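Visitor: Take this structure, written in structure tokens, and hold onto it; I'll ask about it next.
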Amino acid sequence: MPNTLITYEIDLEVDGKQTGFLRVPHSVHRSAYGWIPVPIVSIKNSDGPTVLLTAGNHGDEYEGQIALTKLCRDLKAEDLRSQVIILTMTNFPAALAGQRNSPIDDGNLNRTFPGNPLGTPTEAIADYIEDVLLPRCDYLIDLHSGGTSLVYPPTLLRGRGHTAAETNRLEKLQDAFDLPFAWVFTSGGGPQSTARTLMGAANRKAVTSVMAELGGGGSVSPRILAMAERGLRRILHSLAMLPAYEADAARGTRELNALGCVYAYESGLFEPFKEIGDNVAVSEVVGIIQHPDTPWRAPTPVTCPYDGMVLCTRALAQVRRGDAVYQMRRTPYNVVLPCCDWLKS
Ligand SMILES: [Zn+2]
């Protein structure tokens, strides 16, 4: 039996649209018997696969929060088969503050699983999701973005699958989401996963899961938001949960292999030379760090240790040693990806 102290206001067994809050006990100076209200929506119509949709796992990632908020309002139970459970602000205190981590306990929810039912609010939320919600689910779609510090093009992230059947389900989700890029992990996953992420929790509970990076920089792109909304409906349709939805033609997803990040080794202001989708040669100077605090000092060049394509860029100009300024992906040499066109138009 789950050991959680979190109570809930909705009945996940009941058909129809149920709305309310998970109550995370939080006794503080201004509210001795108070609780943190994590919004939860269940939309259910008959039995079948259950899909958990999450956003606000990191509080400063907004595209998913908006896409799921709109889905909560738009999706009618009569249009649906089986069940979706939606958490729009999964780490509510972080999402309320617009910060990656919770200001209450500095908890980074996506580094906290499996959590602790008797721990801090972030630990208790992680435990509730892993021990109460995930065991009743078949699929998890966890929506992220680059947050305040990074910007990603729309990219699906997934494991390779540990069985042929799981691989098939993951590929089906990827095809249905139909984002321009997919980052397929080469290792990890499976029921023995020790990952502290929500995807790790899903793996431990045999829940088929993908996540998505959808823009970032603390803002919302209408184009990326539209891709997210379309992808969510396409996924539900592909699982036979939205029978009346008419999916348009797939645009195609390019799978890319991870190479790693390019890091700043000095403090200052990063002047980037590259944008998302640009190809980079190994040892190429991809930007310089300017030093306005010592303006007569020569800027510090930043070189790329990889031959590949820029997938993710830093959104903040200020850098310190250890900050990632780019994330790189392997691409076929000198191939211009057609799916990058939208980024440059
Ligand atoms: Zn995130």
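The values are calculated or read from the model by the stated rules, or taken from the named source; none is laboratory data. Bear in mind the structure is a predicted one, so any value in this text is a computation, not a measurement. Reconstructed Cβ throughout: ideal geometry from the backbone, glycine too, with neighbour counts over all protein chains shown. Ligands, DNA and RNA are stripped out before the accessible areas are found, and what is left, the full protein with its side chains, is counted by its heavy atoms. Shrake-Rupley method; radii C 1.70, N 1.55, O 1.52, S 1.80 Å.
Visitor: What's the ranking of 190-196, 119-125 by average number of surrounding C-beta atoms within 10 Å, highest first?
Guide: 119-125, 190-196
Visitor: For the stretch 168-268, with every protein chain kept in place, what is the accessible area per residue (1.4 Å probe, Å²)?
Guide: 44 Å²
Visitor: Could you tell me how far the Cα centroid of the stretch 215-255 sits from the Cα centroid of the stretch 25-97, in Å?
Guide: 19 Å
Visitor: Right, next: Would you be so kind as to identify which of 49, 267, 5 lies farthest towards the positive end of the dipole of the chain, taking Lys and Arg as +1 and Asp and Glu as -1 on Cβ and the Cα centre as origin?
Guide: 267
Visitor: Near the amide H of residue 101, under 5 Å away, which other amide H atoms are found, from residues 5 or more places off or on another chain, if H is placed in the peptide plane?
Guide: Under 5 Å from the amide H of residue 101: 59.
Visitor: Just by accessible area at a 1.4 angstrom probe, what is the order of 239, 316 from largest to smallest?
Guide: My answer, sorted largest first, is 316, 239.
Visitor: Tell me the angle of helix 164-177 to the major Cα principal axis of the chain, expressed in degrees between 0 and 90 and rounded to the nearest ten.
Guide: Helix 164-177 sits at roughly 70 degrees to that axis.
Visitor: Then there is this: Any idea what diffusion coefficient the stretch 48-178 gets from Stokes-Einstein, in µm²/s, Kirkwood Rh on alpha carbon pairs, 4 °C, 1.567 mPa s?
Guide: In µm²/s, the coefficient is 83.
Visitor: Could you tell me how many degrees, from 0 to 90 and to the nearest 10, lie between the Cα long axis of helix 63-74 and the main elongation axis, the longest principal axis, of the Cα atoms of the chain?
Guide: Tilt of helix 63-74: around 30 degrees.
Visitor: If 160, 23, 320 are ordered by their accessible area, calculated over protein heavy atoms with a 1.4 Å probe, which sequence runs from highest to lowest?
Guide: Ranked from most to least accessible, the order is 320, 160, 23.
Visitor: Heavy atoms only, probe 1.4 Å: what % of the accessible area of the chain goes to carbon and sulfur, would you let me know?
Guide: So the carbon and sulfur contribution to the accessible surface is 52 percent.
Visitor: Hey, could you get me the Stokes-Einstein D for the chain, Kirkwood radius over alpha-carbon pairs, 20 °C and 1.002 mPa s, rounded to whole µm² s⁻¹?
Guide: For these conditions, the coefficient is 102 µm²/s.
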